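The structure appears right after this line, and notes come after that.
The values are calculated or read from the model by the stated rules, or taken from the named source; none is laboratory data. Just so it is clear, the structure is predicted and the values come from calculations on it, not from any experiment. Please note: Cβ atoms are built from the backbone with ideal geometry, for glycine as well, and neighbour counts cover all protein chains shown. Keep in mind that these areas ignore ligands, DNA and RNA; they rest on the heavy atoms of the full protein, side chains included. Shrake-Rupley method; radii C 1.70, N 1.55, O 1.52, S 1.80 Å.
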Amino acid sequence: MMLWLFLILPVIISVTSRSIDIHDKSTPTTVSDRLIELVTQGAFRGVTYYRLAALADTIGPRLCGNESLTQAVDWVRHAMIGEGLENVHVEPVQIPHWVRGAERAHLIQPRVAKLSMLGLGNSVGTGPNGIQAPVLVVRSFDELDVRCEEARNKIVVFNPQCDWIAQPVGCYGPVVAYRGGGASHAAKCGAVASLSRSAASHSIDSPHTGMMNYDPAYPKIPAASLSVEHADMLERFQQRNQSMEIFLYMEAQTLPDVVGYNLVAEIEGSTLPNETVLVSGHLDSWDVGQGAMDDGGGAMISWTVLSLLHSLNIRAKRTIRCVLWSCEEFGGIGADQYFTAHENEVPTMSIVMESDMGVFHPRGLEFTGSNKAQQIIQTLSEQLQSINATQILPGGGGTDIDPWVERGVPGASLLNDNANYFAYHHSNGDTVNVLNSTDIDLAAAVWAVYAYSIADLDNLLPR
């Protein structure tokens, strides 16, 4: 084990192994109340934030296929074992290994200026000489189709527009489509590279990265994101009929697949141990910022669910399993392989829960399931009145749990005040500073109350 693990783990283990007197008459009477009290006012207050900060500061970003992701898995696994959690183990998965390398973009005409850019995951590089070419700015795929002949031998810049103020979360899907598919649309028209406006609700000249994909019918051309400010500037140049040229250099490459790991731990059920409630977040992140919000926070609150129950020496009827996924950012690769290996558990999986949209101030749960299941969830939500987190809204999906939901297993995600999520998402701004300890404790309380309450029902949630 590395030296920093020896230095940090004893602190984490001592914090998370404090003895809780379950017979103390001053403690709340219901399990849900005790969970809320423990994590918001008791011995676990601030622990989840401490864990997140230690992970993000010490290891930093955890790109799929990178050694830092393996270090993060080892870090959490040793801490889980140290605090006495059950069945702590890793399950190997094959994951891609994309490497960013050095990269830069410069405006050459009408003036010389550095452009704020980040290469996109899966992108090819430019070659050692880079690419210098004129520029065509379009707002949509439809506009590119109309101007397809103009795009030949140019760098195409996609600058889609959306009212992020009115739709701080809803704009993401329409805008990110150009990040994901822009390169092949541009290549179809003979373009030499593709740049896309960052999918960001707010920007201070900060580019946001993410995954892209190639259509095998067209040549692979380099793809990167631009800051909102620079994408808009290029469009203004075009509107003034000013000639533009950009120089783009990217060393990006995809290396052979490597072995990664999903990390698993459990609190075994008291009477129905073969039936399961699954809580989860993904441990990987992009290689910028610290991966604190996306998705270190979701991973840490899922771990805390087990820690709270272990500290209180409480078991639900069913097993509560925490899975920290590998390589979500490249399309849920670790989770897909987990589902393939555990597909036989579909009939005994009561609910799958994934927190991957921030751990800001919680409001309740987003839920996908039958009407009967929703009625049960609505009843359980009353246990969260003391922290005002009783809302239930439709949703409840997530890249890592969607395979289960598609097979009819109820799904849930954390409903929280995440209007600023896409201001930091996949950027250098995703650091511990965007979160706060109080909100994380409350989010962990919501996560723990639902996990325990569902696991302790007399029956599985109805399909």
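Which one is farthest from residue 240 (Cα to Cα) among residues in segment 91-123 that are aliphatic (A, V, I, L, M) and open to solvent by 40 Å² or more (accessible area, probe 1.4 Å)?
For segment 91-123, the residue satisfying everything is 99.
Exactly one of these conditions fails for residue 187: (1) over 17 Å from residue 109 (Cα atoms); (2) outside any loop (DSSP other than H, G, I, E, B); (3) open to solvent by 20 Å² or more (accessible area, probe 1.4 Å). Give me its number.
It is condition (3) that residue 187 fails.
If you check every pair at least six apart or on different chains, which have Cβ atoms under 7 Å apart with a residue in segment 234-246 that is among the hydrophobic types (A, V, I, L, M, F, W, C) first and a residue that is in a strand (DSSP E or B) and open to solvent by 70 Å² or more (accessible area, probe 1.4 Å) second?
Close Cβ pairs satisfying both conditions: 244/109.
Pairs needed: first member in segment 168-181, not assigned by the TED database to the domain that holds residue 330; second member anywhere, in a loop (DSSP other than H, G, I, E, B) and charged (D, E, K, R); C-beta distance under 8 Å; at least 6 residues apart or different chains.
Taking only residues 6 or more apart or on different chains, the pairs are 171/163; 181/215.
Conditions (1) touching a His at 6+ places or on another chain (Cβ under 7 Å); (2) surrounded by fewer than 17 Cβ atoms within 10 Å (Cβ to Cβ); (3) under 20 Å from residue 146 (Cα atoms), marked per residue:
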{"position": "182", "(1), (2), (3)": "no, no, yes"}
{"position": "193", "(1), (2), (3)": "no, no, yes"}
{"position": "202", "(1), (2), (3)": "no, yes, no"}
{"position": "210", "(1), (2), (3)": "yes, no, no"}
{"position": "214", "(1), (2), (3)": "no, no, no"}
{"position": "225", "(1), (2), (3)": "yes, no, no"}
{"position": "252", "(1), (2), (3)": "no, no, no"}
{"position": "257", "(1), (2), (3)": "yes, yes, no"}
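Just one of (1) touching a Phe, Trp or Tyr at 6+ places or on another chain (Cβ under 8 Å); (2) more than 21 Å from residue 430 (Cβ to Cβ); (3) touching a residue at least 60 places away in the same chain (Cβ under 8 Å) trips up residue 193, so point out which.
Against the list (1) touching a Phe, Trp or Tyr at 6+ places or on another chain (Cβ under 8 Å); (2) more than 21 Å from residue 430 (Cβ to Cβ); (3) touching a residue at least 60 places away in the same chain (Cβ under 8 Å), residue 193 comes up short only on (1).
Tell me which helices (runs of 4 or more DSSP H) are completely within segment 363-457 and hold 2 or more residues being open to solvent by 30 Å² or more (accessible area, probe 1.4 Å) and at pLDDT 95 or above, or say none if there are none.
371-380, 402-406, 437-455
Go through segment 128-163 and count every residue that is in a loop (DSSP other than H, G, I, E, B) and within 20 Å of residue 188 (Cα to Cα).
Residues in segment 128-163 being in a loop (DSSP other than H, G, I, E, B) and within 20 Å of residue 188 (Cα to Cα): 8 in total.
Considering only residues that are farther than 15 Å from residue 139 by Cα and open to solvent by less than 10 Å² (accessible area, probe 1.4 Å), which ones fall in segment 160-180?
If the condition is that a residue be farther than 15 Å from residue 139 by Cα and open to solvent by less than 10 Å² (accessible area, probe 1.4 Å), then no residue fits.
When segment 182-212 is examined, which residues are found to be within 18 Å of residue 135 (Cβ to Cβ) and either of a type in the set (A, V, I, L, M) or modelled with pLDDT under 95 (or both)?
Across segment 182-212, the qualifying residues are 183, 186, 187, 191, 192, 193, 195.
Yes/no per residue for (1) without any contact (Cβ under 8 Å) to a residue 60 or more places away in the chain; (2) within 23 Å of residue 327 (Cβ to Cβ):
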position	(1), (2)
367	yes, no
383	no, no
388	yes, no
393	yes, no
406	yes, yes
412	no, yes
421	no, yes
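If we scan segment 144-153, do we find a residue that is of a type in the set (Lys, Arg) and either closer than 19 Å to residue 229 by Cβ or touching a helix residue (DSSP H, G or I) at 6+ places or on another chain (Cβ under 9 Å) (or both)?
no
From the list 289, 281, which residue is open to solvent by less than 10 Å² (accessible area, probe 1.4 Å) and closer than 30 Å to residue 206 by Cα?
281
Name, by its number, the condition in (1) touching a residue at least 60 places away in the same chain (Cβ under 8 Å); (2) more than 24 Å from residue 81 (Cβ to Cβ); (3) open to solvent by 10 Å² or more (accessible area, probe 1.4 Å); (4) over 15 Å from the mean Cα position of the chain (by Cα) that does not hold for residue 350.
Result: residue 350 passes all but (3).
Go through (1) closer than 24 Å to residue 432 by Cα; (2) open to solvent by 40 Å² or more (accessible area, probe 1.4 Å); (3) touching a Leu at 6+ places or on another chain (Cβ under 6 Å) for residue 73 and report which single condition fails.
Checking residue 73 against (1) closer than 24 Å to residue 432 by Cα; (2) open to solvent by 40 Å² or more (accessible area, probe 1.4 Å); (3) touching a Leu at 6+ places or on another chain (Cβ under 6 Å), the one that fails is (2).
If you go through segment 293-328, how many residues are open to solvent by less than 10 Å² (accessible area, probe 1.4 Å) and part of a loop (DSSP other than H, G, I, E, B)?
3
For segment 165-174, state whether one or more residues are of a type in the set (Gly, Ala, Ser) and under 22 Å from residue 105 (Cβ atoms).
Checked segment 165-174: no residue is of a type in the set (Gly, Ala, Ser) and under 22 Å from residue 105 (Cβ atoms).
Restricting attention to segment 131-149, report how many residues are open to solvent by 80 Å² or more (accessible area, probe 1.4 Å) and touching a strand residue (DSSP E or B) at 6+ places or on another chain (Cβ under 6 Å).
Looking only at that region, the number is 1.
I'd like the full set of residues that are touching a Gly at 6+ places or on another chain (Cβ under 7 Å) and within 15 Å of residue 77 (Cα to Cα), limited to segment 302-314.
The answer is 302, and nothing else.
Does at least one position in segment 269-278 carry a residue that is more than 24 Å from residue 92 (Cα to Cα) and open to solvent by less than 20 Å² (accessible area, probe 1.4 Å)?
Yes, segment 269-278 contains a residue that is more than 24 Å from residue 92 (Cα to Cα) and open to solvent by less than 20 Å² (accessible area, probe 1.4 Å).
From the list 260, 281, 269, pick out the single residue that is under 23 Å from residue 404 (Cα atoms), part of a loop (DSSP other than H, G, I, E, B) and modelled with pLDDT of 95 or more.
Result of the check over 260, 281, 269: 269.
Answer yes or no: is there a residue in segment 371-394 that is under 30 Å from residue 287 (Cα atoms) and in contact with a Phe, Trp or Tyr (Cβ under 8 Å, 6 or more places away or on another chain).
The answer is no, given that none of the residues of segment 371-394 is under 30 Å from residue 287 (Cα atoms) and in contact with a Phe, Trp or Tyr (Cβ under 8 Å, 6 or more places away or on another chain).
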